Amino acid sequence: MYPVKSYAVISPEKPLVSFAFERRELGPRDVLIDIKYCGVCHSDIHQARNEWGHSLYPMVPGHEIAGVVANVGAAVKKFKPGDRAGVGCLIDSCRTCPDCKEGEEQYCGHPIFTYNSYEKDGKTLAQGGYSTRIVVDEDFVLRLPKDLPMDAIAPLLCAGITTYSPLRHWQAGPGKTVGVIGLGGLGHMAVKIAKAMGAQVGVLSRSRNKEADARRLGADQYYATAEAGTFEKLSRTFDLLICTVSSDLDWNQYLTTLKRDGIMVVLGVPSKPQAVHAANLIFGRHCLAGSLIGGIRQTQEMLDFCAQHKIVSDIELIPVAKVNEAYERILKGDVKFRFVIDIATL
């Protein structure tokens, strides 16, 4: 067994605290990774505070893991000690269902998430990346680009793939106009990736506060949705809308900004069910869709794409002792645009 230092949540009402546990022994196909950096995702907060109603404790959050291979099992072929390696939101799946066989493990009926899940034995709690090391089957380990800063790569393993997957699936590129709703951890990655794909990119945010950031990131247009007349002006503007926020928006307003056959893709989970008027789908042949992270194959494709285009996340690097403060700042929107924990501070 491998002793591990970490920060964990013991119960939903309490802050994260120092926590020691053990990782499993290295199996023949396992990779032992010394974690160097771990991004802080808004979903970490939802899970830590049991806002989705199925949290398991004690919980070590973190699914944006970047590190270096320390050791490998005897049958491992893809990695060797010293390699850069990453782990995203999944550490295993059933591997036999149609989704798994098609490389879409995120839609498996029995996924094993990096944390707040049980490992293959059905007994051991999977623990995430706010920790010093992790053991993962090689099929769920990603190769990290060599020429990009490792701390800024870490958020690509959730925020990057969550936005890359729908942009690739719905074919963002030259001749397409993409609207990005929200400019946070997900939204800023959507702008960078859509622009690198060759699309025309517009950002939709409530106020003008983030306009300078949006244009610095590559946005061609910026729209303040709280300003009177904005939605009327945007009628039939976008081929593809990427909704990165989990706040309770009126989706009907945004659907009116789509061109004929336009698609609005939802990535965030609002706190309440949303009412959608059928007319906003029928008149325009619009689609309202959702997307969940990406499979391992596509996540590697995303990392290679980001390496080619020199894309990383805009981050604020923090010591682990500031993670509780970071949670509160995320809820206030006070980060540009992703916190990353320096695991050396553990």
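Counting C-alpha atoms alone, how compact is the chain: give Rg to one decimal and Dmax as a whole number, in angstrom.
20.0, 64
Whats the longest run of the chain with zero trypsin sites (Lys or Arg not before Pro) that are DSSP loop and have at most 10 other Cβ atoms within 10 Å?
My reading of the result: 147-331 is the longest stretch.
Per residue and in Å³, how big is the convex hull formed by the alpha-carbon atoms of the range 89-170?
Output value, Cα hull per residue: 123 Å³.
Students often forget the sequence filter, so: which aspartates and glutamates lie under 13 Å Cα-Cα from residue 77 once same-chain residues fewer than 8 apart are removed?
Here the aspartates and glutamates satisfying the reach criterion relative to residue 77 are 30, 137, 138, 139.
How many percent of Cα pairs in the range 292-335 exceed 18 Å?
Counting every Cα pair in the range 292-335, those more than 18 Å apart make up 53 percent.
Return the sequence-ordered ³J(HN,Hα) values of the range 255-264 in whole Hz as given by the Karplus equation 6.51 cos²θ - 1.76 cosθ + 1.60 applied to θ = phi - 60°, using x for Gly and Pro.
Using θ = phi - 60°, the values come out as 4, 6, 7, 7, 5, 4, 6, x, 10, 10 Hz.
Please state the charge dipole magnitude for the range 160-290, taken about the Cα centre, from unit charges on C-beta atoms (+1 on K and R, -1 on D and E), reported in debye and rounded to the nearest 20. Before the final figure, lay out each step's value.
Working: 15 positive and 9 negative charges, 52 e Å.
The calculated dipole for the range 160-290 is roughly 260 debye.
Can you find, among 68, 344, 278, the residue farthest towards the positive end of the dipole of the chain? Put +1 on the C-beta of Lys and Arg, -1 on that of Asp and Glu.
278
In units of 2.2 N^0.38 Å, what is the alpha-carbon radius of gyration of the range 229-341?
On the way: Rg = 17.7 Å, N = 113, 2.2 N^0.38 = 13.3 Å.
My calculation over the Cα atoms of the range 229-341 gives 1.34.
What ³J(HN,Hα) values, in whole Hz, does the Karplus curve 6.51 cos²θ - 1.76 cosθ + 1.60 give for the range 141-158 when θ = phi - 60°, with x put for Gly and Pro?
Per residue, the Karplus-derived 3J(HN,Hα) values read 9, 9, 7, 8, x, 7, 9, 10, x, 5, 5, 7, 6, 3, x, 4, 6, 10 Hz.
If the elastic network links every pair of Cα atoms under 10 Å, which of 199, 85, 278 fluctuates the most in the Gaussian network model of the chain?
It is 278.
Under the rule that an exposed site lies in a DSSP loop and has at most 14 other Cβ atoms within 10 Å, name the longest stretch of the chain with no GluC sites (Glu not before Pro) of that kind, not counting the sites themselves.
The reported range is 103-226.
Give me the log10 of I(q) over I(0) for the range 1-74 at q = 0.11, 0.22, 0.24 Å⁻¹, as the Debye formula computes it from C-alpha points; what are the numbers?
-0.33, -1.05, -1.13
Using label points projected 7 Å from each Cα along Cα→Cβ, tell me how many nm separate residue 57 and residue 282, to one decimal.
4.9
Under the rule of at least 5 residues apart or a separate chain, name every residue whose amide H is placed under 5 Å from the amide H of residue 137.
Close amide H contacts, sequence-distant or interchain: 31.
Taking only DSSP H segments of four or more residues, each worth -39500 (n - 2.57), what value at 222 nm results for the chain once the sum is divided by all its residues, to the nearest 500 deg cm²/dmol? Provide the component values of the computation, followed by the final result.
Details: 11 runs with 81 residues, N = 346.
Calculated at 222 nm, the ellipticity per residue is -6000 deg cm²/dmol.
Enter the mean projected area of the convex hull around the alpha-carbon atoms of the range 160-290, in nm², rounded to one decimal.
7.1
Less than 10 Å Cβ to Cβ from residue 155, Lys/Arg counted +1 and Asp/Glu -1: what total charge do the surrounding residues give?
For residues surrounding residue 155, the net value is -2.
How long are the semi-axes of the equivalent ellipsoid of the range 24-157, defined as square roots of 5 times the Cα gyration tensor eigenvalues? Whole Å, largest first.
22, 19, 14
Given an 8 Å cut-off on Cα distances and at least 6 residues of separation, report the relative contact order of the chain as a percent. Walk me through the numbers on the way to the answer.
Details: 813 pairs, mean separation 61.2, N = 346.
Reported relative contact order: 18 percent.
Report the net charge of residues surrounding residue 105, where surrounding means a beta-carbon distance below 12 angstrom and charges are Lys +1, Arg +1, Asp -1, Glu -1.
Values: positive: 95, 101, 297; negative: 92, 99, 102, 104, 137, 139.
With Lys, Arg at +1 and Asp, Glu at -1, the neighbours total -3.
Taking θ = phi - 60°, what integer Hz values does the Karplus form 6.51 cos²θ - 1.76 cosθ + 1.60 yield along the range 43-57, in sequence order, with x for Gly and Pro?
Each residue's phi maps through the Karplus curve to give 5, 4, 5, 4, 5, 4, 9, 6, 6, 9, x, 9, 6, 10, 10 Hz.
Values in this text are rule-based calculations from the coordinates and carry no lab data. These figures come from a predicted structure and were not determined experimentally. Neighbour counts run over all protein chains shown; Cβ positions are idealised from the backbone, glycine included.
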